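*Asks:* Before we start, here is the structure in question, set down as structure tokens.
The values are calculated or read from the model by the stated rules, or taken from the named source; none is laboratory data. Predicted, not measured: the structure shown is a model, and the values here were computed from it. Glycine gets a Cβ as well: all are built from the backbone with ideal geometry, and neighbour counts include every protein chain shown. Keep in mind that these areas ignore ligands, DNA and RNA; they rest on the heavy atoms of the full protein, side chains included. Shrake-Rupley method; radii C 1.70, N 1.55, O 1.52, S 1.80 Å.
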Amino acid sequence: MEQGTDDLPLMANTSHILVKHYVLDLDVFFESQTITGNIVLFLQPNSSYEKTGKDCPSQPGEACRDPAQESSMSHSGKSILQRSVKDSTLSTISESDGNSKQTSGITSSENCCDKGNHGSGDFVLVLDCCDLSVLKVEEVDISGVPEKFMSPTLPSCEQQSTLSHQMPPELVALPASRWKEQLSYYTQCSRAPGCGQLRFVTDTWSLQISKCGVNMPTDFPSAIRIWYKTTANGRSIKWTEDQQGRPCVYTFGSPINNRALFPCQEPPVAMSTWNATVRSPSNCIVLMSGENFAAPNHHAQGINSWFYYVTMPMPASTFTIAVGSWTEVKDNPCSFLESSITPVNMDEKRSSEQECRHLEYPCRYKSIEAHLQTCIPHRVFAPEGLIKQCKEMLVPVLLHCLEAAYSVLGIHPFSRLDILIVPSNFSSLGMASPHIIYLSQSVLSGRNQLCISRVCHEIAHAWFGLAIGARDWTEEWISEGFATHLEDVFLAKVLKLSGEESKEHQDLKALLRWRCLNHELSNSQEDLQILRPQGESTGEVSESGASMVRHGLNADKTFMQVHYLKGYFLLRYLANTIGADCYFSFLREFVNRCHGQLILSQDFLHMLLETVPEHLKNVLSVEVIYQIWLNPPGMPQPLLEESQTWTGNGLVQQVKQEVSKWIRLNQRNRRGGTGRKRQRNKEFNEKIVPDQLVLLLDLLLEENTLCVKTLQCLKKTYSLQDQDAEVRHRWCELVIKHKYTTSYKDVETFLLQDQAMGVYLYGELMVNEDAKQQELAHRCFAAVRDQMDVSCVKVVGEMLF
């Protein structure tokens, strides 16, 4: 497949060999801004390769199959993985062992991945790797692991000798219910000594490993240890300071995912489990996407050790780690309130058991306790200075958001949840990973509707994006479209809105999103507007299993919402067409059947359309949905038609009346009319909801001229400087457009404190060609650029210079 400069390559040869488990052992050093240690990879030849004895492309086939029909690469469709930290022997390793191409016979990943697997050369394990300093790679001798870790009750394998390069058959035979034994065995094996160094070489995107004389993946070592350290500028990790000025580090789902954090297999089909030991300064808390609430153990003076693990196989891309001087928000009485949500009945529980079709793991959908758990255990962490805001805005609603999600989709796919308020330079309002959610400090301002919406959005990702993942990452709408659609549904339940109130609020939100989408479609290149950019090639990979993500390195795409919004409108259209009750009943069944698996668009659409009434089948078909919604750029025709119906919405009508009042006031102000301010303020409805206020400011932005008196009154009437970030963003746009110098401080504050949303304000400041505004843009950028995400720096830099 042809690769463009903005495409992200996924290099791992997953069709040949797969990582079954990672064991990470790492140390965090804030002084050098590096993470150092080793990772042990437990490898298994791809079952399809084993059977044929030749190259076999990674084609997992349709989602939701019986596991007997799936190869081991079809592990459940989720996300997670990471490393463990420990470096007790790293100091003995010579730098001369690393990264020298002279030490390897490998010439290129192309030759290694293809020719090597046909017997004409040594087999090469290709891992996704970037911005890492690899020091040494060695085979691990697991043959000497004590037999006490192997259960005597397991099937006998007398015919097979356990060589150092083979995974013990007893371990392979362990059922998922014996996950503690598996974890113990992996941990013991990871501590086994090395039994010979392996040749390796790195290039821009990969680490390539071979063993002399081994030309088949079936003969490749089953356990290897990689000694490495991250680099200070690695694109998977953000070294920064929290809001109190204390050092911290976190992974942030950058375009290159986790390959600058540890060598791994990035293609989503490469599902693995992992466990990690991380050592850090004792004043730090280590949070991670693990199934356990880890507690610190004393390791050495001033150093604590943290241990996390997962038993659900997931892709490496969403493993997350955050280390910093966070404070837990202890005052959380709401977490212990009795739930008001009725748990699912046992008939539904038994039904979901029968439909479980993923790779075997200790699945929560098979647990009666999990089915009765309407709200999973959760914690909130934040810098000390934001504890008060968390207690006031986040903690009181978190329980209700989790319950709302349960009431719509059923059992929570993950057993626990941490929420972390990340530093101000975080480039998004939120990010979900298994067991942990990052939230921007921007959600803690104004009224709590933005906070609730964002928490609901990220919680929705537990099902769509994590428990059910996209098999092709170019189909981002599968994750973001579902989360955007579901956030409104969850929000209505949290706010306890009636059916009519819910419809009015959701139509108002739809109008706001339509306006945003319309603006993006008018100001972006067409190939970035397509939800299925690979077309009929979606899901295809090369013979080795390598693939690429279209536009994965395009910095502009990072800040676009097309895949969120067009995906949301498609799902809204489907729900309205077949009926909300029918749609959400299906969605719950879909989650029960397909959790733990990877899907493509057609998998979801085929299953949904099987449930629609016969008279709708001509209107709703996979081909028609492709042609109208997923394959072309631009605005889908049904959306153009639906948008005409929103003007009659009661909440929208209230806003239009308010806008008319402001236009009349502005006309009087421009004529120099008189009147008492108090009487003027009484004209306006100060209690409109935040989404109405966003629309009001949006509509006022269409006015050519708003005079100073009008802007002054507008700010005072709605206390705009104290509203949530979405409202304040619109206010900043008004300030910039009308050169309202009195409130330039509001713009500066927004650019410094709400970096996740302020990127395009830089462009607005530059386009007016006003010296004061341009000076403001350059001053703010200079203050934050060293802490900004690299994509932000690139996009803003192009606006300013």
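*Asks:* Using 0.36 nm per residue of separation minus the Cα-Cα distance, give me the extension gain between Gln244 and Lys503 in nm, one decimal.
*Replies:* Gain on stretching Gln244 to Lys503: 89.1 nm.
*Asks:* Starting from the Cα-Cα distance between Lys794 and Ser325, subtract it from 0.36 nm times their residue separation and give me the gain in nm to one decimal.
*Replies:* Values: separation 469, 0.36 × 469 = 168.84 nm, distance 2.94 nm.
Length difference between fully extended and current span is 165.9 nm.
*Asks:* Here's something else I'd like to know. What FRET efficiency comes out for Gln188 versus Asp786 if R0 is 45 angstrom and r is the Cβ-Cβ distance? Round to the nearest 0.05.
*Replies:* Numbers: r = 44 Å, r/R0 = 0.97.
FRET efficiency, Gln188 to Asp786: 0.55.
*Asks:* Oh, and also: Hey, can you grab everything whose amide H is under 5 Å from the amide H of Val329? Only 5+ residues off in sequence or another chain; H modelled, so Pro and N-termini drop out.
*Replies:* Under 5 Å from the amide H of Val329 lie the amide H atoms of Val380, Phe381, Ala382, each far enough along the sequence or on another chain.
*Asks:* Can you give the accessible area per residue of segment 463-589, in Å², using a 1.4 Å probe?
*Replies:* 35 Å²
*Asks:* Once the whole set of protein chains is in place, how much accessible area is left on Leu734, using a 1.4 Å probe, in Å² to the nearest 10?
*Replies:* 0 Å²
*Asks:* According to a simple spin-label model (label point 7 Å from Cα along Cα-to-Cβ), what is the distance in nm between His615 and Leu640?
*Replies:* 2.8 nm
*Asks:* What nm distance separates the two modelled labels at Gln561 and Thr231, each placed 7 Å from Cα along Cα→Cβ?
*Replies:* 3.5 nm
*Asks:* Using the Cα centre as the reference, give the magnitude of the dipole from point charges on the C-beta atoms of segment 670-801 (Lys, Arg: +1; Asp, Glu: -1; all else neutral), rounded to the nearest 20 debye.
*Replies:* My answer is approximately 1020 debye.
*Asks:* At a 1.4 Å probe, what is the % contribution of carbon and sulfur to the accessible area of segment 706-799?
*Replies:* Working: 1950 of 3970 Å².
Roughly 49 percent, rounded to a whole number.
*Asks:* Keeping all protein chains in position, work out how much accessible area Val172 exposes to a 1.4 Å probe, and write it in Å² to the nearest 10.
*Replies:* Estimated to the nearest 10 Å², Val172 gives 80 Å².
*Asks:* Kindly provide the chymotrypsin sites (Phe, Trp or Tyr not before Pro) of segment 575-607 that DSSP labels as loop, not H, G, I, E or B, and whose Cβ sees at most 10 other Cβ atoms within 10 Å.
*Replies:* On the way: sites: Tyr583, Phe584, Phe586, Phe590, Phe604; in loops: none.
For chymotrypsin sites (Phe, Trp or Tyr not before Pro) across segment 575-607 that sit outside H, G, I, E and B with at most 10 neighbouring Cβ atoms in 10 Å, the list is empty.
*Asks:* A further question on this structure: Limiting things to C-alpha atoms, what are the Rg and the maximum Cα-Cα separation (Dmax) for segment 395-454, in angstroms?
*Replies:* Every Cα atom of segment 395-454 included, Rg and Dmax give 12.1, 35 Å.
*Asks:* Right, here's the next one. Go ahead and collect, in residue order, the members of segment 217-242 whose backbone nitrogen is under 18 Å from a label point 7 Å along the Cα-Cβ direction of Ser133.
*Replies:* Only 226-239 pass the distance filter.
*Asks:* For segment 318-327, what does the Karplus curve 6.51 cos²θ - 1.76 cosθ + 1.60, with θ = phi - 60°, yield as ³J(HN,Hα) per residue in whole Hz, taken in order and with x for Gly and Pro?
*Replies:* So the Karplus estimates, Gly and Pro as x, are 10, 4, 9, 9, 9, 10, x, 8, 6, 10 Hz.
*Asks:* Can you run phi through the Karplus equation (6.51, -1.76, 1.60; θ = phi - 60°) for segment 722-733 and list ³J(HN,Hα) in whole Hz, with x for Gly and Pro?
*Replies:* Karplus-based 3J(HN,Hα) across segment 722-733 equals 10, 7, 6, 5, 5, 5, 5, 4, 5, 4, 4, 4 Hz.
*Asks:* Applying 1/(1 + (r/R0)^6) with R0 = 22 Å to the Cβ-Cβ distance of Arg671 and Asn768, what FRET efficiency is obtained, to the nearest 0.05?
*Replies:* Working from the Cβ atoms, E equals 0.30.
*Asks:* For a quick check: with amide H placed at 1.01 Å from N, whose amide H comes under 5 Å from Ser206's, ignoring anything fewer than 5 positions away on the same chain?
*Replies:* Excluding prolines and chain starts, which carry no amide H, the hits are Cys129.
*Asks:* A follow-up question, please. Using amide H atoms built in the peptide plane, which far-off residues or other-chain residues are under 5 Å from Ser282 H to H?
*Replies:* Under 5 Å from the amide H of Ser282: Ile303, Asn304.
*Asks:* Charges on Cβ only, +1 for Lys and Arg, -1 for Asp and Glu, centred on the Cα centroid of segment 687-729; of Leu714, Ala725, Asn704, which one is farthest towards the dipole's positive end?
*Replies:* Checking the options against the dipole of segment 687-729, the answer is Leu714.
*Asks:* Select from segment 363-408 those trypsin sites (Lys or Arg not before Pro) which occupy a DSSP coil region and have at most 14 other Cβ atoms within 10 Å, ordered by residue number.
*Replies:* none
*Asks:* What FRET efficiency would be calculated for the residue pair Arg447, Cys212, taking the C-beta separation as r and a Förster radius of 60 Å, to the nearest 0.05?
*Replies:* 0.35
*Asks:* Using a 1.4 Å probe over the heavy atoms of the protein chains, calculate the carbon and sulfur portion of the accessible area of segment 186-309 as a whole percent.
*Replies:* Of all accessible area on segment 186-309, carbon and sulfur atoms account for 48 percent.
*Asks:* I need the phi-derived Karplus couplings for segment 542-550: 6.51 cos²θ - 1.76 cosθ + 1.60, θ = phi - 60°, integer Hz, Gly and Pro marked x.
*Replies:* 6, 4, 7, x, 5, 7, 8, 9, 4
*Asks:* Once the whole set of protein chains is in place, how much accessible area is left on Val612, using a 1.4 Å probe, in Å² to the nearest 10?
*Replies:* Looks like 10 Å² after rounding.
*Asks:* Carbon and sulfur: what percent of segment 574-671's accessible surface (1.4 Å probe)?
*Replies:* 49 percent
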